[in-house]
1. Quickly run through the stretch 217-230 and pick out the residues that are within 20 Å of residue 300 (Cα to Cα) and surrounded by fewer than 21 Cβ atoms within 10 Å (Cβ to Cβ).
2. Here are some conditions: (1) open to solvent by 20 Å² or more (accessible area, probe 1.4 Å); (2) of a type in the set (S, T, N, Q); (3) in contact with a helix residue (DSSP H, G or I) (Cβ under 6 Å, 6 or more places away or on another chain); (4) closer than 26 Å to residue 214 by Cα. Residue 295 meets all but one. Which one does it not meet?
3. Kindly list the number of the only condition in (1) out of contact with any Gly (no Cβ under 9 Å at 6 or more places or on another chain); (2) open to solvent by 10 Å² or more (accessible area, probe 1.4 Å); (3) more than 24 Å from residue 249 (Cα to Cα); (4) aliphatic (A, V, I, L, M) that fails for residue 138.
4. Let me confirm something: among 284, 266, 280, 337, which residue is touching a Pro at 6+ places or on another chain (Cβ under 8 Å) and either over 23 Å from residue 167 (Cβ atoms) or open to solvent by 40 Å² or more (accessible area, probe 1.4 Å) (or both)?
5. Given the criteria modelled with pLDDT of 95 or more, farther than 21 Å from residue 179 by Cβ and either out of contact with any helix residue (DSSP H, G or I) (no Cβ under 6 Å at 6 or more places or on another chain) or open to solvent by less than 30 Å² (accessible area, probe 1.4 Å) (or both), does residue 331 qualify?
6. For the stretch 190-216, name all the residues that are surrounded by fewer than 16 Cβ atoms within 10 Å (Cβ to Cβ) and farther than 15 Å from residue 240 by Cα.
7. Looking only at the stretch 43-102, how many residues end up being assigned to a loop (DSSP other than H, G, I, E, B) and among the hydroxyl-bearing types (Ser, Thr, Tyr)?
Amino acid sequence: MFAIKSPQTYHHQPGLLSRTGDLLAVHSADIAIITSPKAWGAVNPQLETSLKAAGIRWQVNFLTTECTDAAIETHLVSVREQNATLVLGIGGGRVLDCAKAVANLLTDVGLVTMPTVAATCAAWSPVSIIYNEHGGHVRSQPLSRMPLMLLVDTNVIAQNDVRYLKAGIVDALAKWYEFRPYKQKSDDSLALNLKVQAAQLAVEIFEQYGAQALQDNARHEVTPALMKVIDANIAVAGMANSMRDETPAPGVAHAIHNRFTHQPELHGWLHGEKVGFGLLVQSLMESHNGQPEPQLLALLRQYHAPLALPSLNGDRDTIITAIAREVKFSAENAARLPFSMAAENIEKALRATETHHYSQG
């Protein structure tokens, strides 16, 4: 079995909001919008003007919590009551994951995603990440149906704090460092080889355009460099996640991230920032000389990923031991990696970050 689960169409251009109504009208005239107050403000008045011009009826449903099972159920009821034939998710990862999950529970209801930040590949990824009400990771929910369209307006993303773009770059970089180790023990998986190729393309884009894109985003300017990096964060990283076969290749840094989401002191970190610190830990777990890979460390510093844990509420040693023991990673998948996923190895790597001060350059 080999499958590619991806959106049918990817649209990316500055000013796309003005065309969105016409693009949506091909699929539906009754749309349920799932968004956040901040994201809704970021796309308007242009989006509402476009929807009205296209004769589309819509209702806005705000997600004000995490993407929880309860939130998904609440929005599912709203979409059903509206008799909408398409769900449009507008926002960041939690909003898009909620919209994807809701649409997947409704037969004959289409899905379109519109990211307002390039901080993850959630608009493309074939899973919805479900959290508890405190922001702790519960599970990754596979999707049976993917978006009809993924709509990216560069003008919207360029207005965001550059911190989101940095986090998205680190999250996309992670695909390369997470998928590559699996090839050491098994090089005959088509899905894995294609994942690694897509991930490598993202790394090459960041090497060539990353620094310029950060400068352009900081000035809120739409440029070719910024557009290429947005494509890498959303489409290329999303494609790397889209290819599946019988042999999964879960990311170690993302598994560490998932445990970090249960640590209240880290709730202020963005998804890509937690993943970035997870990459540092993974690199130390792989290391034969007790040091992280120099190229990775340079990239994490360039994109300002956190490289040390903050103050922790309680006994620090006890908490670090608990974090290491509570990283969830199946023994079957761990056996296909060229390094140990034992709690002792995770803990050793976490403690190395405590003593080496990698953030100091």
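1. Initially, the stretch 217-230 is screened for residues within 20 Å of residue 300 (Cα to Cα), giving 217-218, 225-226, 228-230.
Of everything in the stretch 217-230, those that are within 20 Å of residue 300 (Cα to Cα) and surrounded by fewer than 21 Cβ atoms within 10 Å (Cβ to Cβ) turn out to be 218, 225, 228.
2. The one condition residue 295 does not meet is (3).
3. Of (1) out of contact with any Gly (no Cβ under 9 Å at 6 or more places or on another chain); (2) open to solvent by 10 Å² or more (accessible area, probe 1.4 Å); (3) more than 24 Å from residue 249 (Cα to Cα); (4) aliphatic (A, V, I, L, M), only one is false for residue 138: (3).
4. Working: 284 fails: either over 23 Å from residue 167 (Cβ atoms) or open to solvent by 40 Å² or more (accessible area, probe 1.4 Å) (or both); 266 fails: either over 23 Å from residue 167 (Cβ atoms) or open to solvent by 40 Å² or more (accessible area, probe 1.4 Å) (or both); 280 fails: either over 23 Å from residue 167 (Cβ atoms) or open to solvent by 40 Å² or more (accessible area, probe 1.4 Å) (or both).
Criteria check complete, one pass: 337.
5. Working: modelled with pLDDT of 95 or more: yes; farther than 21 Å from residue 179 by Cβ: no; either out of contact with any helix residue (DSSP H, G or I) (no Cβ under 6 Å at 6 or more places or on another chain) or open to solvent by less than 30 Å² (accessible area, probe 1.4 Å) (or both): yes.
So residue 331 does not fit the description; no.
6. Across the stretch 190-216, the qualifying residues are 207, 208, 211, 212, 215.
7. Counting residues in the stretch 43-102 that are assigned to a loop (DSSP other than H, G, I, E, B) and among the hydroxyl-bearing types (Ser, Thr, Tyr) gives 4.
The rows are residues; the columns are (1) touching a helix residue (DSSP H, G or I) at 6+ places or on another chain (Cβ under 8 Å); (2) in a helix (DSSP H, G or I); (3) closer than 25 Å to residue 286 by Cα.
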position	(1), (2), (3)
139	no, no, no
157	yes, yes, no
177	yes, yes, yes
183	yes, yes, yes
200	yes, yes, yes
226	yes, yes, no
230	yes, yes, no
244	yes, no, yes
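The values are calculated or read from the model by the stated rules, or taken from the named source; none is laboratory data. Bear in mind the structure is a predicted one, so any value in this text is a computation, not a measurement. With ideal geometry, Cβ positions are generated from the backbone for all residues, glycine too; neighbour counts draw on all protein chains shown. With ligands, DNA and RNA removed, areas are computed over all heavy atoms of the protein, side chains included. Shrake-Rupley method; radii C 1.70, N 1.55, O 1.52, S 1.80 Å.
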